[in-house]
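Heads up: the structure comes next, in structure tokens.
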Amino acid sequence: MDSVVIFDTTMRDGEQAPGATMSLEDKVQIGKQLERLNVDVIEAGFPANSRQEVEAVAAVARAVRKPIICGLARPVFGDIDAAWEAVQHAARPRIHVFISTSDIHLDRMLRKSREEVLEMSVKGVLRAKGYCQDVEFSPMDATRTDPLFIYQLLEAVIDAGATTVNIPDTVGYAIPEEFGGFVKSIMDRVPNIGRAVVSVHCHNDLGLAVANSLAAVKVGVRQIECCINGLGERAGNASLEEVVMSLHTRQDYLGVTHGIDTTQIARTSRLVSDITGMAVQANKAVVGANAFRHESGIHQDGVLKERTTYEIMNPKDIGLTGSVLHMGKTSGRAGFRAHLKEMGYDLKEEEFGKAWESFKEVVAKKKSISERDIEAIIAEEMRTVDETYRLDQLHVTCGEPGIPTASVKITTADGQEWTESAVGDGPVDAVYKAISKVVSLPNQLQEFSVKSITESTEAMGEVTIRIQSEGQTFVGRGVSTDIIVASGKAYLNALNRLVAAKGEQAPVKS
Ligand code: KIV
Ligand code: ZN
């Protein structure tokens, strides 16, 4: 049975989702998790975007050794050189060259003729080929392009050395049967198509990205481009977990296999949601909180008698074990380390030390610890942004009647200690105002959300916030058994990211 190549573009197209910006450290952390998930290709970014992007993609290429690491580039030498500068560090590098091909993009956006686009594409592929063997080519907006031009262009880039040709439904316009027919016509009409892997990249504007990808598999496509949680430009890309679980569950119909370790799906989904601050809707297929919950009495009765009466997938297959760990106050460092290893985490000594300290804090407050709690601790500790500001103490008084008041003690990286107090509309507002008195970085709070990591009143709370400063968005996350503390940590985390991105010194107290 053929295997479908799973090409993850969470860190490139996914990052194009508004507000989903990822730092270098975020990308390395996601890259390592994608490696555990066993994806075949990771598109780690668009290096021509900025110096930071070159460095982030290079860091992923150095840290993540098993999958192919891919960098996106337009067919211009500067882009291709930047992509190579970043991916050359990979064990298996790939350069992905793309250009628009539809008349509307050519006339209104690029102002180029088809001949010019063809010439640029071939030159771009040849330039990329001068750097590495593995070159992918994408005609952007393929589904609104004259098919005859697509056939001609793909033949030319395959002759120039493209080893994968990708058919993007850039604006999510296609309908499954039609898309399958279009891809089939490419297979039939491009004479040298057998020399390349045919791939698809579907957007979800009409909610059809996964259906279109599967229709393409049915006619012989062997690479699917997708994102964790269906992240991506506008309505997003095909969701990796839905594509993979469809291939898995309906192998009888689709007739292909995949190399994904499906038991890592839930954890990968949570990590990407934690890092980007983009929540997963409860009724999202495969990874939504309700995906395996049964509400109606009839369904519950059925599932209790025989799980498969209403479940087509086993929650265990996507890594939902719900297991409670036999770890508590008396558990030692070695036991904790062994458990992390079992969960697939291989932490550096410094990261482990921080995780251990957080673990001890949590077990002091909670009776039972789940793997989800540990994931949350690790996600927080490994989101290593330089701690320009550290929250050392937080004290809040509030109640009815009463004036919510917060006092904070913050230590800066250069050892200064600041103590401030403020009153606010509520305890969280008071904490934010007190912190803002110490950290003089103007910003607007755009989003604030609290969720419980596990169930029960003693659960850890997770706060995600988004702040905006000079048009840039920064996500901050904080975890604690106390949601006010989690809010303070989340705000400082976002401020630390803001400082790191701007490369500024810690501003002094206003
Ligand atoms: O949607 C699209 O066309 C893309 C290309 C760069 C592949 O993201
Ligand atoms: Zn795209």
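The values are calculated or read from the model by the stated rules, or taken from the named source; none is laboratory data. Keep in mind that this is a model prediction, so the values were computed, not measured. All Cβ positions, even for glycine, are placed from backbone atoms using ideal geometry, and neighbour counts span all protein chains on display.
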Kindly indicate whether any position in the stretch 146-166 is hydroxyl-bearing (Ser, Thr, Tyr), touching a residue at least 24 places away in the same chain (Cβ under 8 Å), within 16 Å of ligand 2 (Cβ to nearest atom) and not in a loop (DSSP other than H, G, I, E, B). yes
Any hit, the stretch 244-258, residues being under 17 Å from the mean Cα position of the chain (by Cα), at pLDDT 95 or above and outside the structural domain of ARG372 (by TED's automatic domain parsing): yes
Taking the stretch 167-178 and keeping residues more than 14 Å from ligand 1 (Cβ to nearest atom) and either in a helix (DSSP H, G or I) or buried (at least 17 other Cβ atoms within 10 Å of the Cβ) (or both) leaves PRO176, GLU177, GLU178
Near pairs, Cβ below 6 angstrom, 6+ apart or cross-chain, from the stretch 5-23 (within 13 Å of ligand 1 (Cβ to nearest atom)) to any residue that is among the aromatic types (Phe, Trp, Tyr): ARG12/PHE46
Got at least one residue in the stretch 252-275 being exposed (fewer than 15 other Cβ atoms within 10 Å of the Cβ) and closer than 13 Å to LEU214 by Cβ? yes
Restricting attention to strands (runs of 3 or more DSSP E) lying wholly within the stretch 379-443, give those where 2 or more residues are aliphatic (A, V, I, L, M) and out of contact with any Pro (no Cβ under 9 Å at 6 or more places or on another chain). 389-397, 405-412
Only residues that are part of a strand (DSSP E or B) and of a type in the set (D, E, K, R): list them for the stretch 446-503, please. GLU447, LYS451, GLU462, ARG466, ARG477
Residue check, GLY232 against (1) within 16 Å of ligand 2 (Cβ to nearest atom); (2) assigned to a helix (DSSP H, G or I); (3) touching an Asp or Glu at 6+ places or on another chain (Cβ under 7 Å), all met but one. Which one? (2)
Within the stretch 16-45, count every residue that is within 16 Å of ligand 2 (Cβ to nearest atom) and either modelled with pLDDT of 95 or more or touching a Pro at 6+ places or on another chain (Cβ under 9 Å) (or both). 5
Would you call ARG270 closer than 23 Å to PRO67 by Cβ and within 17 Å of the chain's Cα centre (by Cα)? yes
Only one of SER121, SER138 is surrounded by 14 or more Cβ atoms within 10 Å (Cβ to Cβ), more than 16 Å from ligand 2 (Cβ to nearest atom) and touching a residue at least 40 places away in the same chain (Cβ under 8 Å), namely SER121
Would you check if there is a residue in the stretch 179-191 being outside the structural domain of ILE377 (by TED's automatic domain parsing), away from ligand 1 (no atom under 15 Å from the Cβ) and within 26 Å of the chain's Cα centre (by Cα)? no
Checked the stretch 184-220 for anything more than 16 Å from ligand 2 (Cβ to nearest atom) and closer than 22 Å to ASP252 by Cβ; matches are LYS184, ALA211, LEU214, ALA215, VAL217, LYS218, VAL219, GLY220
Unique residue being more than 25 Å from the chain's Cα centre (by Cα), within 14 Å of ligand 1 (Cβ to nearest atom) and either surrounded by fewer than 16 Cβ atoms within 10 Å (Cβ to Cβ) or modelled with pLDDT under 95 (or both) when the list is ILE150, ILE104: ILE104
Conditions (1) in contact (Cβ under 8 Å) with a residue 60 or more places away in the chain; (2) buried (at least 17 other Cβ atoms within 10 Å of the Cβ); (3) among the hydrophobic types (A, V, I, L, M, F, W, C) -> ALA434 fails only (1)
Give me a count of the residues in the stretch 69-101 that are more than 16 Å from ligand 1 (Cβ to nearest atom) and assigned to a strand (DSSP E or B). 2
Is it the case, given these coordinates, that SER269 is of a type in the set (S, T, N, Q) and touching a helix residue (DSSP H, G or I) at 6+ places or on another chain (Cβ under 8 Å)? yes
Looking across the stretch 215-251 at residues that are charged (D, E, K, R) and within 16 Å of ligand 1 (Cβ to nearest atom), the single one that is surrounded by the most Cβ atoms within 10 Å (Cβ to Cβ) is GLU225
